[in-house]
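**Student:** Structure below; questions to follow.
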Amino acid sequence: MKKGQFLSMMLVLEVCILLIAVSCFFFLFALNVFSLFTDTLCTGFTEIVQYILSFAANAEGCATRMLNTVDAEGDTPLHHAARGEHMDTVKLLLEAGACPKKENAYGQAAAEMADQDTEVRALLTAKQVEASIHMAD
């Protein structure tokens, strides 16, 4: 092997290592963003959720992926907001396109995460029925 070929192969190898490192960084960044997003949902900081969603809306499909991303138990951001009884955040997520019918790993929709006889549960149950009717059409 000539010296020039060897150097070219080393350069290709270094570029591959760099690409792998960058890919890992973006994967970890995405995980951290989702973690931040769900932590924000659990605390009910609606303004921050709005900012994250508006930022995600600028990237094609990003907001949809964010709304449909699940944690280890299959909970979506809507599940987290419902569990915390954060009505403004629940409304915001629904307006952004969150699916009220999506079930977690235990077969629970977001409505079932909210306490009985609360406004959040009533809204999510109504949206769940509405989504079922639209799917039947």
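**Student:** Pairs please, first residue from region 94-118 and assigned to a loop (DSSP other than H, G, I, E, B), second anywhere and loosely packed, with under 15 Cβ neighbours inside 10 Å, Cβ atoms under 6 Å, 6+ apart in sequence or on different chains.
**Tutor:** Short answer, once both residue conditions are applied: ASN104/GLU73; ASN104/GLY74; ALA105/GLU73; ALA105/GLY74.
**Student:** Follow-up. Anything in region 75-93 that is within 14 Å of THR125 (Cα to Cα) and in a loop (DSSP other than H, G, I, E, B)? List them, or say none.
**Tutor:** GLU85, the sole residue that qualifies.
**Student:** Sticking with this one: Please specify each residue of region 96-120 satisfying the condition of being among the polar types (S, T, N, Q), within 20 Å of VAL49 (Cβ to Cβ) and surrounded by fewer than 16 Cβ atoms within 10 Å (Cβ to Cβ).
**Tutor:** THR118
**Student:** What is the one condition in (1) surrounded by fewer than 19 Cβ atoms within 10 Å (Cβ to Cβ); (2) at pLDDT 95 or above; (3) not basic (Lys, Arg) that ASP88 does not satisfy?
**Tutor:** (2)
**Student:** Moving to a separate point now. Could you please give the count of residues in region 22-64 that are assigned to a loop (DSSP other than H, G, I, E, B) and modelled with pLDDT of 75 or more?
**Tutor:** 2
**Student:** Only one of LEU67, LEU93, LEU123 is surrounded by 16 or more Cβ atoms within 10 Å (Cβ to Cβ) and at pLDDT below 90; which?
**Tutor:** LEU67
The values are calculated or read from the model by the stated rules, or taken from the named source; none is laboratory data. All values derive from a computational prediction rather than experimental measurement. Cβ coordinates were reconstructed from backbone atoms using ideal geometry, including for glycine residues, and neighbour counts include every protein chain displayed.
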